[in-house]
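Some notes on the structure that comes next.
The values are calculated or read from the model by the stated rules, or taken from the named source; none is laboratory data. Since we're looking at a predicted model, the values are computed, not measured. Cβ coordinates were reconstructed from backbone atoms using ideal geometry, including for glycine residues, and neighbour counts include every protein chain displayed. Accessible surface areas use protein heavy atoms only, side chains included; no ligands, DNA or RNA. Shrake-Rupley method; radii C 1.70, N 1.55, O 1.52, S 1.80 Å.
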Amino acid sequence: MAYFLCPETDGTIYNAFAYYRLSKEDGKKNAESDSIGNQRKLIHEYVSKHPNIVLIGEAYDDGYTGTNYDRPGFQRVMEAIKSGSVNCVIVKDLSRLGREYIETGKYLSMVFPSFGVRFIAINDDVDSGNSKSGDDLIVPIKNIMNESYCRELSKKLRQQFRIQRENGEYVGSFVSYGYLKDPNNKHKLIIDECAANVVRLIFSMKLQGYNQQAIVDHLTANGIPSPLAYKESLGMNYKSGFKTSGDGKWSVGTVRRILLNPLYIGVLIQGKRGTPNYKIKTMRNRNPTDWVIVENNHPPIIPRAVFDTVQKMMERDTRTSPQRTTLLPLSGVLFCPDCGRGLCLRSVSRGSKKFYYYVCPTHKQGKGCSSHSFEQTRLEATVLNAIKLQAQLVVELEELLRQIDPNEIAAAKLNQNDIHMQEKARELARCQDFKMKLYEAFQESLIDREEYDMMKQKYDRQIRDITATLDRLKQQRASLQNEAADGREWLDVFLDCCSKEKLTRDMVVSLIDRIYVHEDKSLEIDFNYKNEIAYYQSLVRQFEKEAS
């Protein structure tokens, strides 16, 4: 191999520091030629041919990008320069020093010269100690080419990651607690049953009325390792992006993130955070419209019905009494139909006995409204009876559905969805046609500008609403195609309540959205899944009509 040998006439001895760098992308593309070992061999051979250069130190950065200079190896080089022990830096080529045009140019034209440091890039024939090599035109061009390479590589990688995410491939370094990367395909997720059982326990306790702190206390008391401690026990070099206590213990924040994470129902959300471009390495939160969301991507740990119920509970969570570890069965679901506020529990002492009543807080505070009071025990018994009646209705419906082929039900659901989509598509076409005719009327001076603008806004709003509905229907169709033939897990929620003789927190939050307590003590119960029940009732009537 031939090198450019600069004429050294002043007899200066250069104390040199060799610097090597290999990024992950370089390693994938050209591992042999750009390896740290190859760079070291090249520089050592060069130094052996230049007796006035003494190699006194080496530094390297393996796996670091060349777009910024905050690298531990390069910082060692700068420390040696600032200490005055080094007056020469040698690299294999300019791209090893860096791939950012402005910053690289700053080091070559300002930083190194200010310290009297000679810079040598062997393969690019750049030597600041020789005025004939690396002239003012060639070096900037090479720097621009290096930065261009980095920019184009960044674009390709971002595009590739986007495609992978849209295809449901997991591209993160670590998987959320409860899952593992499939050993046969690192971009697919499989359930880690050991951790998944803890996730199921957390959701179950939440349904039973435990708050996040009570769940933390239970997990800690039973010696269950936190996600951080568990990953470390598996030998993972894992670092959380969230602030922790530093001792790997469970925290309220950890439990809350688990309860809110849609990953546990098979929904993969990626691209929530990222860098604006290849030059800025600080991660930032992205707009939700830029997230990549893939439904039904991997096996769920938590049923969707349970997850949806917990999300509602997280929004409405009320304070747990200091004397209790769990919420009362009806906490957060009782409302006054007049003022809309949630009912609160109050106690009344009569002799040696204490009675508890749910009352309207507006009335209690003397700010109007009526009492809407209802004794706790009687109210819970009334609600339990209403749930059993609703459950009996569902049992009868389930018996009728058993007589129908599940595949026929699935086909009927798809058919109804398609009919609704066709109706909306025709409605969209009509609105677009009206909008076009409106413009023609304006052009022909049949209406003035004010009338045109007003009517145009109306049709634009209708078109947006119909388009949004069509998008939802398309998503529903995809879900219908992916779900099981019966796809009626909500039935089990009701069927499980038939044999229970006591009102429980999980029973209430799973089956009831709101309860309105009227002044005459009548109840208006808004049950969950009422749309599903009505939908299947219509299907049963449809099949009975066809059978007759």
If you check Ser445 against the conditions, is it over 43 Å from the mean Cα position of the chain (by Cα) and in contact (Cβ under 8 Å) with a residue 40 or more places away in the chain?
no
Kindly indicate the residue of segment 507-540 that is among the polar types (S, T, N, Q) and in contact (Cβ under 8 Å) with a residue 24 or more places away in the chain and also surrounded by the fewest Cβ atoms within 10 Å (Cβ to Cβ) among those meeting that condition.
Gln537
Residue, most open to solvent (accessible area, probe 1.4 Å), within segment 58-92, restricted to residues that are in contact with a helix residue (DSSP H, G or I) (Cβ under 7 Å, 6 or more places away or on another chain) and more than 13 Å from Tyr19 (Cα to Cα):
Gly63
Taking the options Ile463, Ile409, Ile387, name whichever one is modelled with pLDDT under 85, surrounded by 16 or more Cβ atoms within 10 Å (Cβ to Cβ) and assigned to a helix (DSSP H, G or I).
Ile409
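Yes/no per residue for (1) in contact with a Lys or Arg (Cβ under 6 Å, 6 or more places away or on another chain); (2) closer than 29 Å to Cys336 by Cα; (3) part of a helix (DSSP H, G or I):
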position: Ala429; (1), (2), (3): no, no, yes
position: Phe434; (1), (2), (3): no, no, yes
position: Glu440; (1), (2), (3): no, no, yes
position: Met455; (1), (2), (3): no, no, yes
position: Thr469; (1), (2), (3): yes, no, yes
position: Lys474; (1), (2), (3): no, no, yes
position: Val493; (1), (2), (3): no, yes, yes
position: Glu519; (1), (2), (3): no, yes, no
position: Ile533; (1), (2), (3): no, yes, yes
Show the residue pairs that are 6+ apart or on different chains and have beta-carbon atoms under 8 Å apart, the first residue being within segment 353-382 and open to solvent by less than 30 Å² (accessible area, probe 1.4 Å), the second being assigned to a helix (DSSP H, G or I).
Tyr358/Gln376; Tyr358/Leu379; Ser370/His363; His372/His363
Being in contact with a helix residue (DSSP H, G or I) (Cβ under 7 Å, 6 or more places away or on another chain) and more than 25 Å from Leu330 (Cα to Cα) is the filter here, so list the residues in segment 515-541 that pass it.
Tyr536, Gln537, Leu539, Val540
Of the numbered conditions (1) open to solvent by 30 Å² or more (accessible area, probe 1.4 Å); (2) among the aromatic types (Phe, Trp, Tyr); (3) assigned to a helix (DSSP H, G or I), Phe307 satisfies every one except a single condition; which is it?
(1)
With the checklist (1) open to solvent by less than 40 Å² (accessible area, probe 1.4 Å); (2) within 30 Å of Leu330 (Cα to Cα) in hand, flag the one item Gln392 doesn't pass.
(1)
Within segment 205-218, how many residues turn out to be surrounded by 15 or more Cβ atoms within 10 Å (Cβ to Cβ), polar (S, T, N, Q) and part of a helix (DSSP H, G or I)?
1
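So that you can scan it fast, the table gives a plain yes or no per residue for (1) closer than 30 Å to Val517 by Cβ; (2) among the aromatic types (Phe, Trp, Tyr); (3) modelled with pLDDT of 90 or more:
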{"position": "Leu379", "(1), (2), (3)": "yes, no, yes"}
{"position": "Ala391", "(1), (2), (3)": "yes, no, no"}
{"position": "Asp405", "(1), (2), (3)": "no, no, no"}
{"position": "Glu423", "(1), (2), (3)": "no, no, yes"}
{"position": "Arg430", "(1), (2), (3)": "no, no, yes"}
{"position": "Ile447", "(1), (2), (3)": "no, no, no"}
Any chance segment 270-283 includes a residue that's under 25 Å from Arg304 (Cα atoms) and either open to solvent by less than 20 Å² (accessible area, probe 1.4 Å) or modelled with pLDDT of 85 or more (or both)?
yes
Hey, can you tell me all the residues within segment 412-458 that are charged (D, E, K, R), under 27 Å from Ser538 (Cα atoms) and surrounded by 15 or more Cβ atoms within 10 Å (Cβ to Cβ)?
Lys413, Lys424, Glu427
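Specify the residue that is farthest from Asn528 (Cα to Cα); the eligible residues are those in segment 341-352 that are open to solvent by 70 Å² or more (accessible area, probe 1.4 Å) and in a strand (DSSP E or B). Outline the logic, then answer.
Residues of segment 341-352 open to solvent by 70 Å² or more (accessible area, probe 1.4 Å): 341, 346, 349-352.
Then keep just the ones that are in a strand (DSSP E or B); that gives 346, 349-350.
Values: Arg346: 27, Ser349: 36, Arg350: 38 Å.
That would be Arg350.
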Considering only residues that are part of a helix (DSSP H, G or I) and open to solvent by 70 Å² or more (accessible area, probe 1.4 Å), look in segment 5-41 and name the one that is modelled with the lowest pLDDT.
Glu32
If a residue counts only when it is modelled with pLDDT under 80 and surrounded by 15 or more Cβ atoms within 10 Å (Cβ to Cβ), which helices (runs of 4 or more DSSP H) contained entirely in segment 93-193 have at least 1 such residues?
101-106, 138-166
Enumeration of residues in segment 42-76 that are over 15 Å from Val89 (Cβ atoms), part of a loop (DSSP other than H, G, I, E, B) and over 34 Å from the mean Cα position of the chain (by Cα)
Lys49, Pro51, Asn52
Residue satisfying condition, being within 47 Å of the chain's Cα centre (by Cα) and closer than 14 Å to Asp61 by Cβ, within set Val111, Val91:
Val91
Picking from Gln390, Gln376, which residue would you name as being of a type in the set (S, T, N, Q) and closer than 27 Å to Phe543 by Cα?
Gln390
